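Below is one structure; the comments refer to it alone.
The values are calculated or read from the model by the stated rules, or taken from the named source; none is laboratory data. Computed from a predicted structure; not experimentally measured. Neighbour counts run over all protein chains shown; Cβ positions are idealised from the backbone, glycine included. Just so you know, the surface numbers come from the protein's heavy atoms only, side chains and all, with ligands and any DNA or RNA stripped out. Shrake-Rupley method; radii C 1.70, N 1.55, O 1.52, S 1.80 Å.
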Number of protein chains: 2
Amino acid sequence: MSLVKEKFLKLGAEYAPGQEVRQNTNEVKLRGEKIPGIPVDFSHGDVNAFEPIPGSLDNFIEGVHIGGEQAYTEYRGSKMIRENVAEKLSNFTGTTINADQNFIITPGTQGALFLAMGSTISRGDKVAIVVPDYFANRKLVEFFEGEVIPIQMEYFHTNTCAGLDLNQLEDAFKAGVKLFLFSNPNNPTGVIYSQEEIRSIGELAQKYGATIIVDQLYSRQVFEGRAYTHLSAQNILDSENLITIMGPSKTESLSGYRLGDAFGSAKIIDRMEKLQAIVSLRAAGYSQAALKSWFDEPAGWMTRRIAEHQAIRDDLITKLRAIEGIKVRATEAGSYLFPRLPELDVTIEEFVKVLRAQANVTVTPGTEFGPQFTDSFRINFSQDHQAAVSAMERVIKVMELYRK
Amino acid sequence: MSLVKEKFLKLGAEYAPGQEVRQNTNEVKLRGEKIPGIPVDFSHGDVNAFEPIPGSLDNFIEGVHIGGEQAYTEYRGSKMIRENVAEKLSNFTGTTINADQNFIITPGTQGALFLAMGSTISRGDKVAIVVPDYFANRKLVEFFEGEVIPIQMEYFHTNTCAGLDLNQLEDAFKAGVKLFLFSNPNNPTGVIYSQEEIRSIGELAQKYGATIIVDQLYSRQVFEGRAYTHLSAQNILDSENLITIMGPSKTESLSGYRLGDAFGSAKIIDRMEKLQAIVSLRAAGYSQAALKSWFDEPAGWMTRRIAEHQAIRDDLITKLRAIEGIKVRATEAGSYLFPRLPELDVTIEEFVKVLRAQANVTVTPGTEFGPQFTDSFRINFSQDHQAAVSAMERVIKVMELYRK
């Protein structure tokens, strides 16, 4: 078999969030009747329920009227917009970001992740990733022909930190891992790494000369005023060995514009731009203009958005925890929940298909986030509040039908 | 040196079109005074001079108002828009394109190229590309660790075809080349492959079981009503071994939306979508809506646009051909000219920097299109007509100052 064929066999996207419409659910045999209700797609946030930052479209339109200068930016993004965003992100993270050397705008945070990984992995490199973590992390390492070294996060063993196994991480560095990628808050569990965890990660990477890529996509949506620690502001790790990724696609609902960014190491940012030159040239020029509204939301907008999400979270957790055999850790930041189910008669992938066919609810199987999560699924609860609660009731009903 | 470091050393973007602002021109020593004039950036088309298709922004805004469904499309693009565009492209090319199986929307044609190459190249594969051709083609092969097999195009030896060396191409296939990538019309020369050339390319690929990726980005802007042959409509090559790439960024000036697409082999399109899942997820959802205006231009709009470009071309060619030692083949389609200069006292890269510093004119050095083109530069003449003519006069003045 050719190498490229082999690579693409591993690169399945059938259960990837957003691709469910390509699944064949016809062959699924249902136990009992369909359960009616408003369809809810928990695989991603609903930007109709939580709309983009006011003024984003106006900024886009203004970009179109600027014309050529906005259409054809440097590959790393418009200088003016980089300066605008780098300053706002410097303030948010407590880091000093040079817009010219240390910052790049990308097509979504997925684009930033791909470029950062492609700029740091050599074939055969050992790369540590967390399980569970964002579904593409493993695929990225495999695509660039690195070797995945999984680091366990025991998120049910604690509620004062994420639960990362730091001994395992140190062992991985000792065994030659030169790159560690993780999301904070963690995707899919929504837990935040404690300051001690972040500092330990930084110290270990510094001790062993490793590079860190940290995906902070959901770091603005923190519940109950919890502490959030930016690794980039700790001054522990050589700043040339750190890339931080953020973007306005989640809490801010700008996903339709496909915008992300990365900041940190000038050397890695330079490579990311060179790679962007052959991958997609740049984030859509006019879309870049929508970044002006990011971190410039109307007064109270973000506070209200966080409170509304917290209220949905609370209702869903109450529903889930009322059921024997279901376990769920409360989201600390972001819009994900990752409940663990009791034993079922069907695999988690089959359960996902049944949910769509029987209850019009879309969730993402735990196995997208690590092969061992055969009893968990992820939801993004950034949805219409009532629709989400009613959909979760249907999920529970269907689960009872398939409980072992 | 690590593999990834080595890879990025080859992946220079300093002279890549659009990146000139990052060049250091301070150290350039000028012969004579600066030559004043309206700055012209010939590295890409000027979307202020030739504006996007009327209605594109309205389609985008309508997409924003559709909301979540437009923001989160399948990775291969919105089903409705795929159906719309696949039908229009089927009519244009004389091909049958199934919107569900054989079509993908990408972030620009650069995105399509990257995905198509990444979906077909295994490390160590021999990949044939044309010299001269689009600057990223060589870089893509190298990034995916393929071996570049250059095929010469003797564009000055003929004016009835592109001048591709078909013997060399057959030898390459005999030697094991399994993938051939070329642009038609050719970038940077603007020549069209004859029907005989296209059919021979298809027959050779079929004979040797090779796959072809053809980049037809500029195929709508054909001058003097010349014949243009779509390989996809010839039924010579197994349709599962062919990918055609198009997009609305050039003639149609929609570059600010970053849109491209690819059609052909279901197997390769499937892989491209899986790769897109980790590269950038999808073309910006709202931008996809702008594709509705593509191939749906107001009556006469395209004819007028072609005529206006032809007029610019004619004036520039007249200027260039009046100078002893300059040789240029007339553009047959698209907006590129690739003049060859007489011997200069400076390298072509230095000449490019001098032009920017002394005459406020940006061109792309020939070496971006093949290492041997040390005496040529490329311009995109989709510019304000008078500004382009006056800029070319300045190019010629500067050239005379540096003539050996």
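So which residues in the range B:253-274 are open to solvent by less than 10 Å² (accessible area, probe 1.4 Å) and among the aliphatic types (A, V, I, L, M)?
Scanning the range B:253-274 gives B:L254, B:L259, B:A262, B:I268, B:I269, B:M272.
Go through the range A:205-228 and give me each residue that's open to solvent by 20 Å² or more (accessible area, probe 1.4 Å) and over 16 Å from A:I121 (Cβ atoms).
Residues satisfying the conditions are A:Q206, A:K207, A:Y208, A:L217, A:R220, A:V222, A:E224, A:G225, A:R226, A:A227, A:Y228.
In the range B:142-159, what residues are more than 9 Å from chain A (Cβ to nearest Cβ) and in contact with a helix residue (DSSP H, G or I) (Cβ under 7 Å, 6 or more places away or on another chain)? Break it down stepwise before answering.
First pass over the range B:142-159, keeping only residues more than 9 Å from chain A (Cβ to nearest Cβ): B:142, B:146-159.
Correct list: B:E142, B:V148, B:I149, B:I151, B:Q152.
So, in the range A:19-57, exactly how many residues are hydrophobic (A, V, I, L, M, F, W, C) and in contact with a Lys or Arg (Cβ under 6 Å, 6 or more places away or on another chain)?
The initial filter retains those residues of the range A:19-57 that are hydrophobic (A, V, I, L, M, F, W, C), namely A:21, A:28, A:30, A:35, A:38, A:40, A:42, A:47, A:49-50, A:53, A:57.
Next cut, in contact with a Lys or Arg (Cβ under 6 Å, 6 or more places away or on another chain) only: A:28, A:35.
Going through the range A:19-57 one residue at a time, the tally reaches 2.
Need a quick list: helices (runs of 4 or more DSSP H) entirely within the range A:187-303 having at least 1 residues that are out of contact with any Lys or Arg (no Cβ under 9 Å at 6 or more places or on another chain) and within 14 Å of another protein chain (Cβ to nearest Cβ). Before the answer, list the steps.
Numbers: elements: A:195-208, A:266-279, A:285-288.
Fully inside the range A:187-303 and qualifying: A:266-279.
In the range A:47-77, what residues are more than 10 Å from chain B (Cβ to nearest Cβ) and among the β-branched types (V, I, T)?
The one that is more than 10 Å from chain B (Cβ to nearest Cβ) and among the β-branched types (V, I, T): A:I53.
To keep it simple, each residue is scored yes or no on (1) open to solvent by less than 10 Å² (accessible area, probe 1.4 Å); (2) under 20 Å from B:E20 (Cβ atoms); (3) assigned by TED's automatic domain parsing to the domain that holds B:R138.
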residue	(1), (2), (3)
B:A311	no, no, no
B:R321	no, no, no
B:K327	no, no, no
B:T331	yes, no, no
B:E343	no, no, no
B:F351	yes, yes, no
B:T362	no, yes, no
B:T367	no, yes, no
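Condition test on B:F8, is it in a helix (DSSP H, G or I) and either assigned by TED's automatic domain parsing to the domain that holds B:N380 or under 19 Å from B:V354 (Cβ atoms) (or both)?
Spelling it out, B:F8 is indeed in a helix (DSSP H, G or I) and either assigned by TED's automatic domain parsing to the domain that holds B:N380 or under 19 Å from B:V354 (Cβ atoms) (or both).
What are the pairs with Cβ atoms under 9 angstrom where one residue, in the range B:118-132, is charged (D, E, K, R) and the other, located anywhere, is assigned to a strand (DSSP E or B)? Sequence gap at least six, or different chains.
Every condition considered, the pairs that remain are B:D125/B:E147; B:D125/B:L179; B:K126/B:E147; B:K126/B:V148; B:K126/B:I149; B:K126/B:L179.
Considering the range A:1-18 alone, what residues qualify as being under 24 Å from B:A71 (Cα atoms) and in contact with a Lys or Arg (Cβ under 9 Å, 6 or more places away or on another chain)? It would help to see each step written out before you state the result.
Here is the first cut: in the range A:1-18, the residues under 24 Å from B:A71 (Cα atoms) are A:11-18.
Of everything in the range A:1-18, those that are under 24 Å from B:A71 (Cα atoms) and in contact with a Lys or Arg (Cβ under 9 Å, 6 or more places away or on another chain) turn out to be A:L11, A:G12, A:A13, A:E14, A:A16, A:P17, A:G18.
If you take the residues in the range B:81-117 that are small (G, A, S) and buried (at least 24 other Cβ atoms within 10 Å of the Cβ), which one is nearest to B:G260 (Cα to Cα)? Break it down into steps so the answer makes sense when it comes.
Of the residues in the range B:81-117, the ones small (G, A, S) are B:86, B:90, B:94, B:99, B:108, B:111-112, B:116.
From what is left, the residues that are buried (at least 24 other Cβ atoms within 10 Å of the Cβ) are B:108, B:111-112, B:116.
Details: B:G108: 4, B:G111: 7, B:A112: 6, B:A116: 12 Å.
The extreme case among them is B:G108.
Kindly provide the set of residues from the range B:78-102 that are within 12 Å of chain A (Cβ to nearest Cβ) and in contact with a helix residue (DSSP H, G or I) (Cβ under 7 Å, 6 or more places away or on another chain), ordered by number.
B:S78, B:Q101
Restricting the search to the range B:15-36, which residues are more than 9 Å from chain A (Cβ to nearest Cβ), closer than 23 Å to A:I104 by Cα and without any contact (Cβ under 8 Å) to a residue 40 or more places away in the chain?
B:N24
Which is under 30 Å from B:R340 (Cβ atoms), among the hydrophobic types (A, V, I, L, M, F, W, C) and in contact with a Gly (Cβ under 6 Å, 6 or more places away or on another chain), of B:L231, B:L237?
Values: B:L237 fails: under 30 Å from B:R340 (Cβ atoms).
The conditions single out B:L231.
Restricting attention to the range A:107-129, which residues are among the β-branched types (V, I, T) and either more than 8 Å from chain B (Cβ to nearest Cβ) or in contact with a Phe, Trp or Tyr (Cβ under 6 Å, 6 or more places away or on another chain) (or both)? Give the derivation first.
At the first step, the residues of the range A:107-129 found to be among the β-branched types (V, I, T) are A:109, A:120-121, A:127, A:129.
A:T109, A:I121, A:V127, A:I129 - these are the residues of the range A:107-129 that are among the β-branched types (V, I, T) and either more than 8 Å from chain B (Cβ to nearest Cβ) or in contact with a Phe, Trp or Tyr (Cβ under 6 Å, 6 or more places away or on another chain) (or both).
Just to check your reading of the model, which residue among B:D100, B:D125 is in the same structural domain as B:T211 (by TED's automatic domain parsing), within 30 Å of B:S287 (Cβ to Cβ) and over 22 Å from the mean Cα position of the chain (by Cα)? Break it down stepwise before answering.
Working: B:D125 fails: within 30 Å of B:S287 (Cβ to Cβ).
B:D100 is the lone residue from the list that is in the same structural domain as B:T211 (by TED's automatic domain parsing), within 30 Å of B:S287 (Cβ to Cβ) and over 22 Å from the mean Cα position of the chain (by Cα).
Out of the range A:36-48, which residues are open to solvent by 40 Å² or more (accessible area, probe 1.4 Å), within 19 Å of A:G256 (Cβ to Cβ) and in a loop (DSSP other than H, G, I, E, B)?
A:D46, A:N48
Restricting the search to the range A:130-141, which residues are under 20 Å from A:Q168 (Cβ atoms), within 13 Å of another protein chain (Cβ to nearest Cβ) and aliphatic (A, V, I, L, M)?
Narrowing the range A:130-141 to residues under 20 Å from A:Q168 (Cβ atoms): A:130-134, A:137-138, A:141.
From what's left, within 13 Å of another protein chain (Cβ to nearest Cβ): A:134, A:137-138, A:141.
Hit for the range A:130-141 is A:V141, nothing else.
A quick yes/no check of all residues on (1) within 30 Å of A:S194 (Cβ to Cβ); (2) without any contact (Cβ under 8 Å) to a residue 60 or more places away in the chain; (3) not hydrophobic (A, V, I, L, M, F, W, C):
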site	(1), (2), (3)
A:Y336	yes, no, yes
A:E350	no, no, yes
A:A357	no, no, no
A:N360	no, no, yes
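So, of the residues in the range B:118-160 that are touching a Ser or Thr at 6+ places or on another chain (Cβ under 6 Å) and open to solvent by less than 30 Å² (accessible area, probe 1.4 Å), which turns out to be farthest from A:L11 (Cα to Cα)?
First, pick out the residues of the range B:118-160 that are touching a Ser or Thr at 6+ places or on another chain (Cβ under 6 Å): B:120, B:122, B:133-134, B:155.
Restricting the remaining residues to those that are open to solvent by less than 30 Å² (accessible area, probe 1.4 Å) gives B:120, B:122, B:133, B:155.
Working: B:T120: 14, B:S122: 15, B:D133: 31, B:Y155: 41 Å.
Within the range B:118-160, the match that is farthest from A:L11 (Cα to Cα) is B:Y155.
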